[in-house]
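Quick notes on the structure that follows.
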Amino acid sequence: MAELSAKARQVLSTLYKQMQHAQAVKKKRTRYINEILDWCYQADLIRSGELQGQYFYFDKTLLERIDALLRLSQAGSITHGIHGDRLQQALVTNAEHKGVGNKPRENRVLIAVSQQEVSLPVGINLPAAEHGWVYLDVHFEQLDLQVFTELVVVENLDCFYQLSRFQLPWNDKSLLLYRGDSEFGGGRAQLCKRWLATGKALKFFADLDLKSMHEALYSGYTHLAVPQLQDFTARASGAHWRSEQHAFMNAETTGLLAPYLEYAKDNQRALLQQWLQGLQLHWLDIKAH
């Protein structure tokens, strides 16, 4: 008998939850419903005559029999679904379900803190500092946000690991955070949400293109790292302008960031973060008018 796919098991877990408030649940014969019904037929849980029509009624008795058979075959249980990471899944089922459950980096963040102001959770050893910064990979909930006065999100990983190359004002109580991508971004979003609740400054050190400036304006940031306007216009390049920038041509142009946005739009130029080396940078208050 074929093993149920992870998606089919998720459908069964959803059905189990719905069944807490109903005697039966009517489901249309979709791909995964058909997979479940074929599996049930092979396991002699239903008869061939029940497989007619576009809909099928699942009742508690059938779900209990499905769950019992899954448990018997050490394939887990539909009563709790497929949760946790793959190590946790291995404790309850012999089946491997890649891409299902918690991702290893879902709640983790890459941070940098000043070696002068390091407040580490219990059990985390202090690594060697690099140019005054200590780099850590931690669960976002382990951080005591009261210790820090500002959260600085850094867009690009190479710049994050080479902070000393940039002329930006930091302080000993700055908490620096790698923005992340599909792999690292989940924990960052959760940490930023917690940080916004503190009311303290949320700063963005990023590419100076329309996309990043738009993100700065609409994602709760209070400040953006920029050079003086004349330095920006002198250094900005058409070679740094990517096709994806066209989607942000209607970005808001009010406030102190307006001159940078307008120049970038009118000239279709940008200045990527790596090319901010050697420029005197400051924190522009993008909420001020």
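Just so it is clear, none of the values below were taken in a lab; they were calculated from the coordinates. Nothing here was measured: the structure is a model prediction, and the numbers come from that model. Glycine also receives a Cβ, built like all others from the backbone with ideal geometry; neighbour counts cover every protein chain displayed.
Over segment 186-228, the fraction of Cα-Cα pairs per 5 Å bin, rounded to whole percents and listed from the shortest bin up, is 5, 22, 29, 25, 14, 5, 1. Under 29 Å of direct C-alpha separation, and excluding same-chain neighbours fewer than eight residues apart, Lys200 reaches these lysines: Lys173, Lys211, Lys287. Treat segment 108-285 as a sphere of radius equal to its Kirkwood radius over Cα pairs and apply Stokes-Einstein at 4 °C in a medium of 1.567 mPa s; give the translational diffusion coefficient in µm²/s, rounded to a whole number. It comes out at roughly 77 µm²/s.
The Cα center of segment 41-62 and the Cα center of segment 207-225 differ in position by 54 Å.
Enumerate the lysines that Lys26 could reach by cross-link, defined here as Cα to Cα under 22 Å, with residues fewer than 8 away along the same chain left out. By straight Cα distance, Lys26 reaches Lys7, Lys17, Lys60. Bridging of Lys28 to aspartates and glutamates at a Cα separation below 16 Å is possible for Asp38, Glu50, Asp59, once same-chain residues fewer than 8 apart are set aside. Between Ala189 and Tyr57, the contour length at 0.36 nm per residue exceeds the Cα-Cα span by 43.5 nm. Computed from the C-beta positions of Val147 and Asn250, the FRET efficiency with R₀ = 35 Å rounds to 0.30. The charge dipole of segment 225-287, taken about its Cα centre with unit charges on the Cβ of Lys, Arg, Asp and Glu (plus for the first two, minus for the last two), comes to roughly 140 debye. Think of segment 225-289 as having a plus end and a minus end, set by charges on the Cβ of Lys, Arg, Asp and Glu; of Gln230, Leu257, Ser243, Ser243 sits farthest toward the positive end of this dipole.
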